[in-house]
Each structure stands twice: as structure tokens, then as C-alpha cells.
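The values are calculated or read from the model by the stated rules, or taken from the named source; none is laboratory data. Predicted model only: the values in this text are computed from it and were never measured. Every residue, glycine as well, gets a Cβ built from its backbone with ideal geometry; the counts of neighbours run over all protein chains shown. Calculation scope for accessible area: heavy atoms of the full protein, side chains included, ligands and nucleic acids excluded. Shrake-Rupley method; radii C 1.70, N 1.55, O 1.52, S 1.80 Å.
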Amino acid sequence: MLSIRNLHVSANNKPILKGVTLSVTSGEVHAIMGPNGSGKSTLAGALAGRPGYDVTEGEASFDGRNLLEMDPEERAREGLFMAFQYPVEIPGVNNAYFLKAALNAARKHRGEEELDAMEFMALVRDKAKLLQMDATMLNRAVNEGFSGGEKKRNEIFQMAVLEPRLAILDETDSGLDIDALKIVASGVNSMRSPDRAIVIVTHYQRLLNYIVPDVVHVLVDGRIVRSGGKELALELEDKGYGTADVEPAVAR
Amino acid sequence: MARVASRSEQYVTEFERFARTQGGSTPSWLGVLRQGAIESFGNTGFPTTRDEEWRFTSVAPITETTFARAQNGFDRAAAALSRHDIAYVGLDRVSAAELVFVNGRLAPSLSRTEGLTGSVLVRDLQSMLSSRPGALEPFLSRAIEYQDQAFAALNTAFLADGAVVWMPANAVLETPIHLVFISSPEASPTVSHPRVLIVAEENSQARVVETYAGPRGQVYFTNGVTDIFVGPAAMLDHYKIQQESAASFHVARIQARLRRGSQFTSHSLSFGGALVRNDVAAVMEDEGADCTLNGLYLADGHRLVDNHTTIDHARAHCTSHEIYKGILADRARAVFNGKIVVRADAQKTDAKQTNKALLLSDDALINSKPQLEIFANDVKCTHGAAVGQLDDDAIFYLRARGIALDEARAMLIHAFASDILNRVRIDPLRAQLEEELTEGLRLKA
Ligand SMILES: Nc1ncnc2c1ncn2[C@@H]1O[C@H](COP(=O)(O)OP(=O)(O)OP(=O)(O)O)[C@@H](O)[C@H]1O
Ligand SMILES: [Mg+2]
């Protein structure tokens, strides 16, 4: 589903990703761990099409299509979803209005009928329940005045509504208390399916107790230095990333 | 300078011709009023950028164009229009009365007043001046101090066309009154001097919408003045929708006087015009009055929009709230000058002013200046100004959810304008303005 080969990405002429190779098959959950500044968000951002990143080398394809050629909105409509590490507050743009526009853009792209206001609200209420979100937040401006935890939950809520085929969750667990973490994890788990892949960026094993990954990768200084099963996350938590680069990277 | 003076002479000459045609039916006070106004205009001429009030706005494009008084072609122009042509500015289904003026003059076939109840009066100024001049005199005679208001003086010199809205004491009108000023194509550029008088007597309530519009690409000059008298405990909501052609000139002044315990709200929504100057001046003449000024303006291309507002707190215990927002694209320029005067008597004044501009291009420019003149000591006055651009992070966030770049930008621009538009309390008008905003943005794309 997602295939990244030797990806090099710079920002402001500073090389950040230095040859990332990674492939994710549908049905799988991958975790990407690594120290601060190692390039995890850069990888997520480059895949989502965030401006300001220059791909200097390498490839990334999504279902066989060159991801790097597409506008961000096209990637999203094709079914790629990135949950932001730092969701953006957008005063004056109503949450429900925004989400309906997003959903209908994707549906239109897929040749499906757009949802009307009634159908949309029914869908959204369902999903809000799943994430135990207060329905009133739908009438607020996007993320405006949301607490850190609410913002993260709102990201997963959007994912639940948009039903992407590939979800990249950038530190969705940070800022969540244990109850919120469980809710978010169950939301994510409910979306696991054979034709969907999920990539979770996290620093902590804690989230991975609830969303058990198939593969864990360790990103250090712009390279994946190690990949392994779910035990790798436990080991990292135990020993830190320091040991990671002495062992061979499975994925390369 | 010499050229500017000679340009103003044209208007003086034109005035002499105009005064002759007005002839015998003119009440003497009106003759005196017009004569005084043209003399004042003759003395000052058009303002230049050396005038503090016009520092950033050169009126040369107006003074260098020769305009004929618009009504010359009125009959033909009015006959050529149907209600269908003006549907885009119409508030047909929701207004109690709609007067349509074509090139300054009332077009009865396009107007209707049958929805009016009681003794509420919505009439054209011409007919009021001939049928009930005495009723208008106290208002029109005291309305203007045009020493430094050359354009308002010019309007007063040519005072003849326009509308009168009169709300008797205690009258409450649920539906708005709509005054539409359309400029219609003529062979050469035309000028009109529409004058609107709104009198809201004690404890009355009304909403009045003025719309100014003209065909795309048409060059003309609208020089309007609106006088508003808000009586004790009266409530008046005033909307000015400026949708003039992007090649036209629009200079207009709204001046309101507020009596004890009255409420006045001005919504100034300015979309069109090549060179636009909107003045709004409100005087709180008595205690307990409340004044709100909302403004939204949009300019692109090489257009210039200048908004000058004055809120004069002359008495104690009055409140004012002002928020102006501008959206500027391409090489558009804007001027915002917000003056708040708090007189020595005006203790316990509470005044708040905000002005914000959104610049959609690096070449767009705004000169903004709050001007607080406070002579009382127990007052609360705040002002804030901000100039910004669209938030790139927000745009990416929207795009990352599948929303196209154009649409993402439009959403953010609407969001910027939303608090002004949300204050528009006439639903179909708000919908129409939303559309106008979208349309204005699409032209740019
Ligand atoms: N636009 C930019 N210009 C310059 N440097 C940048 C830019 N964006 C990111 N970087 C740098 O690239 C490096 C990787 O950043 P990135 O945000 O991808 O790290 P991360 O692994 O997500 O870290 P964290 O765990 O703290 O979220 C950091 O050193 C960061 O400062
Ligand atoms: Mg990060």
C-alpha cells in the first residue's frame, strides 16, 4: 500500500531524512519510534505533502501511484490521512462545516454521492459517540480553544469520519491522560481492517499496549536503524534508543 | 493645485445651471442651504493629500474625470431596467419597502412601498421637498458642518435626489426598508449626489439598507450623504452595501446623531469601486446612547478603499463598539482612520475599537490609524489593530483533509470576515453578502 524507497528530505537546505526505506502492507499497523528531532514528523509531513520539505532523493508511492507528485488535498482524497502532532486552530471555521467539506471532497473524488446535511450529521454523531466526544464541539471552530487532549481526540474523530485507507498518526498519544488514551486507542482499533494500514508515531510503549503493532521501526537521525516485532518497542522502552543503532536494521 | 481648483470650478458652473433649473418651487431655506454649500465647496475645492484627512487618498482620478450630472439620461436608463436586472441587490421578499433610484432619480416602476404600515414614511426626497419642505428643514439645515467636507458640501449644493425614511414615535418595523441606488450605463461618465435622510423618532425601531450598485466596468461617480437622527430610546440598524462597479468612484458620508438612550448600528460593507471613501460619523449627543460600527471591505487589483470613522462621545455614560475588517488582494490599498473623541463632559464613556486587515498579497497595503482624543478622565477606551496574512499552517491543515487550495483560502477568508457578517441580522442579506464575498474572491482566482 505504502512504499518508501531511499527517501531523502531537506527543510531549509538542512537534510533531515537521509534515506528512509519502508513498506507498509494493507491490514498492518506499524509503529515508528525514535528520539526527538530524528525526523518522524518530517516523514509524516513529507508523506502528507506539507510545504517546506524538499524531497532530494528517493520515492514514495501509495497504491502504486507516485505520492510525491500529488497535492496534499489529492493525497487526502486518495485516502491518506495524517493526524497532526500539533493540530492547528482555525478560528471562524466551523468544525462540522469543515469536516463535511473534507468528507464530500473525498466522496466526490471517489465518484460517490455527496452527503447532505442530515446524512452527514447522522454519521458524525455516530463517530462522536465512538470517541466519547461532546457533540457540541462540532459547532465550535476547528480546534479553537480545545485542550491538548481534545485536539488529539478530534484528529482521531476526523479519521473515523473520513475513513482513510492509510492513516499516519503523529504522536496522537502525547497529551492524553490514561482514560483518553484508552478511548483513542479503541477508536483506532475499531478502524483496523484488512484494507487499511495504520502508521503510529510514538515515543511510548504505553499506546502500543492498546494498539498492538505488527512492525516497529526505529528512526534515528533520519534513518530507520532497526525494525522488528512488537517486542522491539518494549526493548526500546527498557534500554532507550542508544542500543538501536548497534544492531542491523531489518527493513533495509 | 491650479488644476484642482479649475476642476472644482466646473462643479460651480454646473451648480449655476442646476440652481436655475430648480426655479420657483424651491423653498428659500433650501436655496440658502445649497448656496452656502457651493460657496464652501468653491472656497476649499477638492481635498488634496496635504489635507490630513486625505493624506493617503488622492482624489485626482475623480477630479481629472469630467462627469455629467447623471439624471440627463435618467428616463432612458430607467426604462431599460427591469426588476429582474436589479434582483441581485433586491431584498424583494423581506423588505417592507424598496425604493429604487436609477442614476440618482426615483424609478417608480421599480419601487414599491405597499408593505408599509401605519404612518411610517418612505418617500423620495424630491417629492418630499415639494410637498412637505417644512418637515425636512430642521433636519437638513442642521445636518452638515461641511467646512472640511468638500464632497458633502458638493452633495448639499446639488441636494435634490434621494430618499426620506421617517419613523414616527413608537413605530416598530419588523422588516427592513431598502433603498437601492443604481447607476446605469450612459455614453459618458456621470455623477449623482444621492441624499438620504433617516429620522427615527422617540422609541421607534427600524432597519434601513442602502445598496449602491452599477454595471460592471462602468465609470461613474456616486457622491452620497446620509443623515441619520436617532431619537430618544430609538433603535436604528443601518446597512450600507457598496457594490459599485470596479471602475467607479464612490464617496459617501453617513452622519448620525444619537439622542438619550438610543441605539445606532452602522454596517458598512464595501465591495466595489475603483476609489472609495466611506465616512461614518456618529455623535452621541445625549447620555446612555450606544453606537456600534461594523465594517467590512474588500479590494483587489489597483483599487483603493478609504474608511474614516468618527465616534464623538459628547455626553456621559455612552458606549461604542467598532470593528472594521479589510481584505486586500493584488496591489489594492486601504486606509482606515478611526477617530474616537471623548469630550470633557463624557465621563463613564466605554469605547472599544478594533481594526484588522488581511493581506492576500505582498503588494497589498493598508495605512491604519486609530485616533483617540480623550478629554475626560473617568473613561474606558481601548483600541487594537492587526494586519496579517492567511495562516499557512491552517491552509495546509485544510488541504491535508482533502480541501482544495482555493477552497481552503476561501474558507479562511470567510472565517476572517465571519464575525462582521454574522452581525448582519437580515438573513437573506447576509446570504447575499456571503455570496458577494465569494464572488469577489473568485474574480481574483
Ligand atoms: N522547516 C524546517 N527547517 C529547518 N529544520 C527543520 C524544519 N523542520 C524540521 N526541522 C528539523 O528537523 C529535525 C527533525 O524534526 P522532526 O519534527 O521531524 O522530528 P521528530 O522526530 O518528529 O521529533 P519529535 O519527537 O520531537 O516530534 C529537527 O532537528 C528539526 O528541528
Ligand atoms: Mg514530531
Revision key, fill the gap. Sorted by accessible surface (1.4 Å probe, heavy atoms of the protein chains only), largest first, A:GLU74, B:GLU9, A:GLU57 come out as B:GLU9, A:GLU57, A:GLU74
Review point. In a solvent-free Debye calculation with one equal scatterer on each Cα, what is log10 I(q)/I(0) for chain A at q = 0.17, 0.18 Å⁻¹, listed in the order of the q values?
Key: -1.37, -1.51
**Study point:** Candidates A:GLU73, A:GLU171, A:GLU28, ranked by Gaussian network fluctuation over chain A, Cα under 10 Å, top entry
**Key:** A:GLU73
Point to revise | Test item: A:42-54 mean partner chain Cβ contacts at 10 Å | key: 2
Check your understanding: What ratio of Cα Rg to 2.2 N^0.38 Å holds for the protein assembly as shown?
Key -> 1.19
Point to revise | Prolate/oblate/rounded label for chain B (Cα gyration tensor, a/c 1.5) | key: rounded
Point to revise | Amide hydrogen neighbours beyond the local backbone of B:HIS321, cut-off 5 Å, H modeled | key: B:CYS291, B:THR292, B:LEU293, B:LYS352
Review point. Averaged over A:80-90, how many beta carbons belonging to a partner chain fall within 10 Å of each residue's beta carbon?
Key: 4
Study note, to complete from the structure: Spelling it out for B:ILE198: with amide H atoms placed in the peptide plane at 1.01 Å from N, the residues 5 or more places away or on another chain with amide H under 5 Å from its amide H are B:VAL165, B:ASP227, B:ILE228, B:PHE229
Study note, to complete from the structure: Summing -39500 (n - 2.57) over every DSSP H run of at least 4 residues in chain A and dividing by its residue count gives a helix-only mean residue ellipticity at 222 nm, to the nearest 500 deg cm²/dmol, of -10500 deg cm²/dmol
Check your understanding: Of all DSSP beta bridges in chain A, what percent run antiparallel (nearest 5)?
Key -> 60 percent
Review point. For the stretch B:2-440, what is the percent of antiparallel DSSP beta bridges, rounded to the nearest 5?
Key: 5 percent
Check your understanding: Which peptide among B:304-311, B:361-368 comes first, and what is the full order, when sorted by highest mean count of other Cβ atoms within 10 Å?
Key -> B:304-311, B:361-368
**Study point:** Amide H partners (placed H, <5 Å) of B:GLY273, local residues excluded
**Key:** B:GLU244, B:SER245, B:ALA246, B:ALA247, B:SER248
**Study point:** Of B:ASP51, B:ASP350, B:ASP393, the one that fluctuates the most in a GNM where chain B has Cα springs shorter than 10 Å
**Key:** B:ASP393
Practice item. Would you mind checking A:LYS40/B:LYS356; A:LYS18/A:LYS100; A:LYS108/A:LYS182; A:LYS14/A:LYS152; A:LYS151/B:LYS352; A:LYS18/A:LYS239 for any pair whose Cα atoms are more than 26 angstrom apart? Key: A:LYS40/B:LYS356; A:LYS18/A:LYS100; A:LYS108/A:LYS182; A:LYS14/A:LYS152; A:LYS151/B:LYS352
Review point. Peptides A:213-222, B:401-410: what's the order by average Cβ count within 10 Å, highest mean first?
Key: A:213-222, B:401-410
Review point. Can you give the helix-only mean residue ellipticity at 222 nm for chain B, where every DSSP H stretch with n ≥ 4 adds -39500 (n - 2.57) and the sum goes over all residues, rounded to the nearest 500 deg cm²/dmol?
Key: -8000 deg cm²/dmol
Point to revise | Segments B:157-167, B:37-47 sorted - mean Cβ within 10 Å per residue, highest first | key: B:157-167, B:37-47
